[in-house]
Amino acid sequence: MSVEATHAAVPARRHDPMPASLLGVILFVASECVFFAALFGAYFTIRAGAGPDWPPKGIEEGLKPWPVPAIATSLLLLSSVTMQFAIWAIRRGDRATMMRFLKITLLLGAIFLGGQAYDYATLGFSIHDTVFGTTFFTMTGFHGAHVAGGLVFIYLMLARGWSGQLTREDHTGLEAAAIYWHFVDIVWIGLFSTLYLLK
């Protein structure tokens, strides 16, 4: 058998392009990275010009990383794990397990938002109290809005799962939701470390 015939007998490997919806989410997340980088840049610029009195007097007493913020952070990080378990489940074709982990992810994200709302109510300062209060509520508020958007995204994936639209062969939407959710979690690690631990 000739070399040409041997090559003809072996089917060419197929290289599927990245789905447009997945590429769109990746580009969106990249733009959001720039947005949050600008917020972090503004925060550290303000902090550098504030001198040793940071946070301002009367603010630090309300910034307690434990217990509510730390527990909420742990739950959000755990939700990233459960989201990844959902991805691995659908890749195996196990839709029931995927649905179970998506429900857990949705619940953990909702609890995180509830914890953030409770933290806001007990901080003892508002967005109008000093430049720290303004930057704190701006950064965490925008992140909370992203978490809420992520929860809507996850719920839509649950709805698609209930209708049988997510399969082992076609689950690009869930992959996109996972990318976005992991991004939200990573941003919160930076926010929690900066605003509650480093101050």
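Yes or no, residue by residue, for (1) surrounded by 15 or more Cβ atoms within 10 Å (Cβ to Cβ); (2) part of a helix (DSSP H, G or I); (3) of a type in the set (D, E, K, R):
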| position | (1), (2), (3) |
| --- | --- |
| GLY49 | no, yes, no |
| PRO52 | no, no, no |
| PRO56 | no, no, no |
| GLU61 | no, yes, yes |
| PRO69 | yes, yes, no |
| SER79 | yes, yes, no |
| MET83 | yes, yes, no |
| ALA96 | no, yes, no |
| MET99 | yes, yes, no |
Inset, instruction - Kindly list the number of the only condition in (1) under 19 Å from LYS199 (Cβ atoms); (2) part of a helix (DSSP H, G or I) that fails for PHE125. - result: (2)
Legend entry - Residue under evaluation HIS143, criteria (1) closer than 16 Å to ALA72 by Cβ; (2) surrounded by fewer than 19 Cβ atoms within 10 Å (Cβ to Cβ), criterion not met: (2)
Inset, instruction - Search the range 128-149 for residues that are in contact (Cβ under 8 Å) with a residue 12 or more places away in the chain and pair each with any residue that is part of a helix (DSSP H, G or I) and hydroxyl-bearing (Ser, Thr, Tyr) when their beta-carbon atoms are under 6 Å apart and the residues are at least 6 apart or on different chains. - result: THR135/TYR43
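None of the figures in this text is laboratory data; all of them are computed from the coordinates on show. This one's a predicted model, so the numbers in the text were calculated from it and none came from an experiment. Note: ideal-geometry Cβ built from the backbone for every residue, glycine included; neighbour counts use all protein chains shown.
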